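What follows is one structure encoded as structure tokens, with my remarks underneath.
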Amino acid sequence: MIAYRTADIDGFSIFYREAGRPGAPKLLLLHGFPSSSHMFRDLIPLLADRFHVVAPDLPGFGRSGMPLASEFAYSFDRIAGIIDRFTEVVGFDRFALYVFDYGAPTGFRLAVKHPERIAAIISQNGNAYEDGLSDGWNPIRAYWLDPSPANREALRPFLKPDSVAWQYMHGSLASRISPDGYSLDSFYLARPGAEEVQLDLFGDYQSNVALYPTFQSYFRKHKPPFLAAWGKNDPFFLPPGAEAFKRDMPDAVVRFFDTGHFALETHAEEIAATIRDFLR
């Protein structure tokens, strides 16, 4: 049974889902853009018999706090800092880490800061290599090079309902994609001020790419047990990004699934089975 809770993290409200037995091996699930912990709704019940699972909504997403961008400087460093404190508040002193999309640079920051806390990493379309970045990033790269109002406005269509639905559908069997996920994401993106939050994070994503060498150094030095579970038809994070993990961690396990970016929408059971076998 999943419990729905809210934690006060030094004055910042973090909503999270929790399941499993306290005392069981801990598993932290970190979602990505433009989603929330809702993306794990099918995965959590498939793992809760063996793991103590916690899945927070990142700051600015889902039901966690979303101060206006004019009042709160949104950056991946700041998001990671809040999630770092969140793990301490909920008693996650050592845990396996499941990261997806934005959850990857968030979780990898935690791993670099606290390598002793990381028991294993599962990356589901969570990138750490330039090899994995597709041409779909070109409009965002243009904003990094020239953060002009025009380049910022050019990114706003990424936040519209049709674009959000496309991110779910591309490379997947459409008849297996529930409309619940992308509809909920679009609901949250339609809140006053939400688009500016996301545009700020598009701009700050360059800080993640700048940290790729740091993340890779962590992989080489600590070699955590690592599983890359990848939707191979992802239009943003390409299969070479999954294979690249093996350069720094030769024992990393790489599994491809015939689906897109939001692989759990169609392959939750297969990915759960892979995780259970990997973490055995």
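Points to keep in mind about this one:
- Selection of the range 89-137 for residues being out of contact with any Asp or Glu (no Cβ under 9 Å at 6 or more places or on another chain), farther than 17 Å from His222 by Cβ and among the hydrophobic types (A, V, I, L, M, F, W, C) yields Phe92, Phe100, Leu133, Trp137.
- Helices (runs of 4 or more DSSP H) (entirely within the range 205-280) containing at least 1 residues that are closer than 21 Å to Arg41 by Cα and among the acidic types (Asp, Glu): 264-278
- Set side by side, the residues Tyr16, Tyr98, Tyr4, Tyr102 differ, and just one is farther than 29 Å from Arg156 by Cβ and under 12 Å from the mean Cα position of the chain (by Cα), which is Tyr98.
- The numbered conditions (1) closer than 25 Å to Asp42 by Cα; (2) basic (Lys, Arg); (3) over 19 Å from the mean Cα position of the chain (by Cα) are all true for Arg141 except (1).
- Some residue of the range 60-80 being out of contact with any Pro (no Cβ under 9 Å at 6 or more places or on another chain) and crowded, with 22+ Cβ neighbours inside 10 Å: no
- Residue that is under 18 Å from Gly32 (Cβ atoms) and modelled with pLDDT of 95 or more, where the choices are Ala190, Ala194: Ala194
- Residue among Phe256, Phe215 that is hydrophobic (A, V, I, L, M, F, W, C) and under 17 Å from the mean Cα position of the chain (by Cα): Phe215
- Test for Asp204: is it surrounded by fewer than 19 Cβ atoms within 10 Å (Cβ to Cβ) and in contact with a Ser or Thr (Cβ under 8 Å, 6 or more places away or on another chain): yes
- Screening Phe278, Phe256 for residues that are closer than 19 Å to Gln124 by Cα, out of contact with any helix residue (DSSP H, G or I) (no Cβ under 9 Å at 6 or more places or on another chain), touching a residue at least 24 places away in the same chain (Cβ under 8 Å) and surrounded by fewer than 18 Cβ atoms within 10 Å (Cβ to Cβ) leaves exactly one candidate, Phe278.
- Cross-chain or 6+ apart pairs with Cβ under 7 Å, the range 208-222 first and without any contact (Cβ under 8 Å) to a residue 40 or more places away in the chain, then not β-branched (Val, Ile, Thr): Arg220/Asp248
- Count of residues meeting criterion [farther than 11 Å from Gly203 by Cβ and either without any contact (Cβ under 8 Å) to a residue 40 or more places away in the chain or not in a helix (DSSP H, G or I) (or both)] in the range 149-175: 17
- Subset of the range 102-112 that is touching a helix residue (DSSP H, G or I) at 6+ places or on another chain (Cβ under 7 Å) and not aromatic (Phe, Trp, Tyr) - its residue that is surrounded by the most Cβ atoms within 10 Å (Cβ to Cβ): Thr106
The values are calculated or read from the model by the stated rules, or taken from the named source; none is laboratory data. Just so we're clear, the structure is a prediction, and the values are computed from it rather than from any experiment. Neighbour counts are summed over all protein chains in view; Cβ atoms, including those assigned to glycine, are modelled from backbone coordinates with ideal geometry.
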